[in-house]
């Protein structure tokens, strides 16, 4: 399908050009909340991926907002957090995460649910990062 009109440009995010460590530091120092960052990321998925039908994102972690809120609460209570606490990340659909289906780009595996995290996801979670979504991939890439 050929688009009949070019979509209007979308303004850059508040975190455009900001590195993961810098985002984590802003969250840890209270300059930015994890919840607002996750909300903004979800809005950008809606604005870019959903509204423009890119289909780059397959599944959204329904617990991401609650996890971000919990990190903000821990910070407010002065509790220790990990070095990437509150920073959301997207996992390619061939990397296992216990929260989201892992299709490896194959429709017959669209609802396959891993019971554990891959090592990469485990390490990021241990650092406090939040799985936001899974991204589409070529079949068995």
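Can you tell which of 106, 136 is surrounded by fewer than 17 Cβ atoms within 10 Å (Cβ to Cβ), under 24 Å from residue 15 (Cα atoms), modelled with pLDDT under 90 and more than 12 Å from the chain's Cα centre (by Cα)?
After ruling out the rest, the residue left standing is 136.
Within the range 119-128, can you find the residues that are in contact with a helix residue (DSSP H, G or I) (Cβ under 8 Å, 6 or more places away or on another chain) and free of Cβ contacts under 8 Å to residues at least 60 places away in the same chain?
Those that are in contact with a helix residue (DSSP H, G or I) (Cβ under 8 Å, 6 or more places away or on another chain) and free of Cβ contacts under 8 Å to residues at least 60 places away in the same chain: none in the range 119-128.
Filter the range 28-61 down to the residues that are under 16 Å from residue 86 (Cα atoms) and free of Cβ contacts under 8 Å to residues at least 24 places away in the same chain, then identify the one that is surrounded by the most Cβ atoms within 10 Å (Cβ to Cβ).
Once the filter is applied, the top-ranked residue is 32.
Among the candidates 90, 71, single out the residue that is assigned to a helix (DSSP H, G or I), within 28 Å of residue 22 (Cβ to Cβ), touching a residue at least 40 places away in the same chain (Cβ under 8 Å) and touching a strand residue (DSSP E or B) at 6+ places or on another chain (Cβ under 9 Å).
71
To keep it simple, each residue is scored yes or no on (1) under 20 Å from residue 62 (Cβ atoms); (2) in contact (Cβ under 8 Å) with a residue 24 or more places away in the chain; (3) in a loop (DSSP other than H, G, I, E, B).
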residue: 103; (1), (2), (3): yes, yes, yes
residue: 112; (1), (2), (3): yes, no, yes
residue: 117; (1), (2), (3): yes, no, yes
residue: 137; (1), (2), (3): no, yes, yes
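The values are calculated or read from the model by the stated rules, or taken from the named source; none is laboratory data. Please read all numbers here as calculations on a predicted model, not as lab measurements. Note that each Cβ is placed from the backbone with ideal geometry, even for glycine, and that neighbours are counted across all protein chains shown.
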